[in-house]
Amino acid sequence: MNVTDSAIYRRYVEANGNSRRHAERARAHVPTGTSRALLRHAPFPFYTVKGEGAYTTDLDGNRRIDFHGNYTAMIHGHAHPEITAAVMARLPTGTAYSSPSVDEEALAALLCERVPSVEQVVFNNSGSEAVMVALRAARAVTGRDRIGRFEGGYHGSSDFMLVGGHHLPSIDDPVRVSFPHPDFAGVPRAACDDVVLMRYNSPEALVEAVRRHGHELAAIIVEPMLGAGGIIPAEPEFLMVLREETRRAGIALICDEVITLRQAYGGGQSLYQLDPDLTTMAKIIGGGFPIGAVGGKREFMRCFNEPELGGTTANLGTFSANAISVTAGLTAMRLLDAASIESLNSLGEATRETLRIILQKHAPAAQVSGSGSLFQIHWTRAALRDARAVESADQTLKLLTCLGLSNRSIHISVRGMGALSTPMTASHVEALGSALEGTLSEMASEGWNLGL
Ligand SMILES: Cc1ncc(COP(=O)(O)O)c(C=O)c1O
C-alpha cells in the first residue's frame, strides 16, 4: 500500500486542516512553510500555538503530550512558572546591552561546578555556534586544521559539521575511516577536505584514523551518545580509547553535550568518567531561549584571551550572553538538580521498558534505544551500535508511527526520538504506551508488515 492511502495518513491530514491551510499560505513567504528544516515532514507538520507543561496545542485545537520537547531542549516542558517569572522580572530592565551584562557569570559558575572538565565558559547563541567556536579554539591551540568526527554524529549547522553525517560511504569493513561528502546542497567541498570521518563505537576505526591522520588533526568531536543520529549510547571502551588516542597524539577532544548534558548532573561525560578538553553545551542551558556555550580546561580556554596563540580566538555575537537567555537558563538549571535528573532518568527507564514490551508483542521488526530521559523507536533489527544500523530503518513505518501517535495525542519526532520533561509522570508514559499499541494495531490491520 502507498503510505498516502493509509487511513493513518489520511486521518492526520483531516485532523490538521488549519495547519495544512497555514502551511500552504506560509509557503508564499517561507520556503516549505517553516524555517526549520528539521521540523519538516510529510505530509506537513502541525503548527503549535501554545505550550503548557508537558502539553502543546496546535492550530486545530489538538492537544498533545510533547515527547518531542523541541529536540530535547524543553526539559521543564513549556512555560514553566518559575522560568517564566524569572524572565518576566528581568524583561523590564532590558534584554541585550551595549556593554557586558552581569548575568552570565552565575550560569558560567553553575556549569563549572557541575562538569568537572569545565573550568571556564564562553556563551554564544546556539549549539551550532558553540561547536563552530570550539573547533576554532582547538585549531588555535594545536595549530592544526583538520577535524575528526563520527558517522551519524550531529553537531549543528556549520559547514564543517554538515559533511558526512548522512549518505554514508558504502564501505562496510569494521575499520571505517573515510573522507566525507557534503550532506546538503551549498556546503563547500572545501569543508570536506578538512574532515576525517570515523565509524561510531569503533575503537578500531579510531586507532586507524589517528595512525593515519593524527598529526594533522586539531580535534576530534564526539557525542557521548549519538543524539540526532539515533539515541545510541557510546560504549565505554570506545570513549576510553578515544581519550587515550587523542591525548597521545596531541589532539583536542571536544565532547558535544548539546543533547547529553541532561543525562547526568555532570553531563553525559560524567557517566563515562570522560575528561575532554572542551565541551559544547546548548538547549537545556537556555531554559527555552537561544543559547550556546563552550567550556573547557584553562589551557584550552586561554585561546580566548591570549594573543600569543596568533590572536584571540573569536567568540562573537550581538546577542551572546544576553540577559534573558542566561536568566532563563540559570533558573532552568537550578531547577534541574541531581534529584530531578534522577527521577527523570528513572521515568526514562520505565518508558523504554514499556515501549520494549509493546514492540516485542506487536512489532518484532522494531526496537527501542536510549538512556537517561531519552528514547528512540527504530524500525530495524540491526544491532544498534552506529549510524549505519540507524539508517537501515524502514522510513515508511517510521513516518506512520509518528503520524499514528500524533493522531492519538502524542508527539514524538518523525525519526522516532522522544525526550521526557520534568512535568511528566507515569500517566504520560502510560498514555504513550496505549497510543503506540493503538497505532501498531491499526498498522497491522492495514496490512503493514511489522515483523519485516
Ligand atoms: C549534539 C548536537 N550538537 C549541536 C547541535 C546544534 O545545536 P543548535 O540547534 O542549538 O544549533 C545539536 C542540535 O540538535 C546537537 O544535537
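The values are calculated or read from the model by the stated rules, or taken from the named source; none is laboratory data. Quantities reported herein were computed from a predicted structural model and do not represent experimental measurements. FYI the Cβ positions are ideal-geometry reconstructions off the backbone, even for glycines, and counts take in every protein chain you see.
Key figures
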item	result
Pick from the range 283-298, criterion within 13 Å of the ligand (Cβ to nearest atom) and not in a strand (DSSP E or B), ranking: nearest to the chain's Cα centre (by Cα)	K283
Evaluation of L316 against (1) at positive phi; (2) surrounded by fewer than 19 Cβ atoms within 10 Å (Cβ to Cβ) (one fails), failing number	(1)
Which listed residue, of E223, E216, is surrounded by fewer than 24 Cβ atoms within 10 Å (Cβ to Cβ) and not basic (K, R)	E216
Per-region count, the range 98-138, residues closer than 21 Å to G268 by Cα, touching a Pro at 6+ places or on another chain (Cβ under 9 Å) and within 15 Å of the ligand (Cβ to nearest atom)	1
Options T84, T48: the member that is surrounded by fewer than 16 Cβ atoms within 10 Å (Cβ to Cβ), free of Cβ contacts under 8 Å to residues at least 40 places away in the same chain and away from the ligand (no atom under 16 Å from the Cβ)	T84
Hits in the range 102-127 - residues which are in a loop (DSSP other than H, G, I, E, B) and either under 23 Å from G348 (Cα atoms) or without any contact (Cβ under 8 Å) to a residue 12 or more places away in the chain (or both)	V102, V115
Some residue of the range 162-181 being outside any helix (DSSP H, G or I), at pLDDT 95 or above and among the acidic types (D, E)	no
Residue among I324, I251 that is crowded, with 20+ Cβ neighbours inside 10 Å, away from the ligand (no atom under 12 Å from the Cβ), under 27 Å from R211 (Cβ atoms) and over 22 Å from the mean Cα position of the chain (by Cα)	I251
First in the range 87-101 and closer than 12 Å to G317 by Cα, second anywhere and aliphatic (A, V, I, L, M) and surrounded by 10 or more Cβ atoms within 10 Å (Cβ to Cβ), Cβ under 7 Å, 6 or more apart	A96/A323
Odd one out for L347 among (1) outside the structural domain of V87 (by TED's automatic domain parsing); (2) under 19 Å from the mean Cα position of the chain (by Cα)	(2)
Helices (runs of 4 or more DSSP H) contained in the range 182-282 and holding at least 2 residues among the hydrophobic types (A, V, I, L, M, F, W, C)	189-193, 203-213, 236-248
Lone unmet requirement of (1) within 21 Å of the chain's Cα centre (by Cα); (2) of a type outside the set (S, T, N, Q); (3) surrounded by 18 or more Cβ atoms within 10 Å (Cβ to Cβ); (4) under 27 Å from D5 (Cα atoms) for G33	(1)
Given (1) within 16 Å of the ligand (Cβ to nearest atom); (2) touching a Lys or Arg at 6+ places or on another chain (Cβ under 8 Å), index of the condition G317 fails	(2)
Condition met for D256 (acidic (D, E), within 16 Å of the ligand (Cβ to nearest atom) and buried (at least 23 other Cβ atoms within 10 Å of the Cβ))	yes
Pair list, Cβ < 6 Å and 6+ apart or interchain, from the range 298-317 residues that are small (G, A, S) to residues that are part of a loop (DSSP other than H, G, I, E, B)	G317/N125
Residue within the range 56-63 that is touching a strand residue (DSSP E or B) at 6+ places or on another chain (Cβ under 9 Å), closer than 29 Å to P423 by Cβ, among the acidic types (D, E) and surrounded by fewer than 19 Cβ atoms within 10 Å (Cβ to Cβ) present	no
Breaking point among (1) more than 26 Å from G268 (Cα to Cα); (2) surrounded by 14 or more Cβ atoms within 10 Å (Cβ to Cβ); (3) free of Cβ contacts under 8 Å to residues at least 24 places away in the same chain, for R356	(1)
Conditions (1) more than 14 Å from the ligand (Cβ to nearest atom); (2) surrounded by fewer than 24 Cβ atoms within 10 Å (Cβ to Cβ); (3) touching a residue at least 40 places away in the same chain (Cβ under 8 Å); (4) not aromatic (F, W, Y); number of the one not met by V241	(3)
Checklist (1) in contact with a helix residue (DSSP H, G or I) (Cβ under 8 Å, 6 or more places away or on another chain); (2) in the same structural domain as M225 (by TED's automatic domain parsing); (3) within 15 Å of the ligand (Cβ to nearest atom) applied to Y71, failing item	(2)
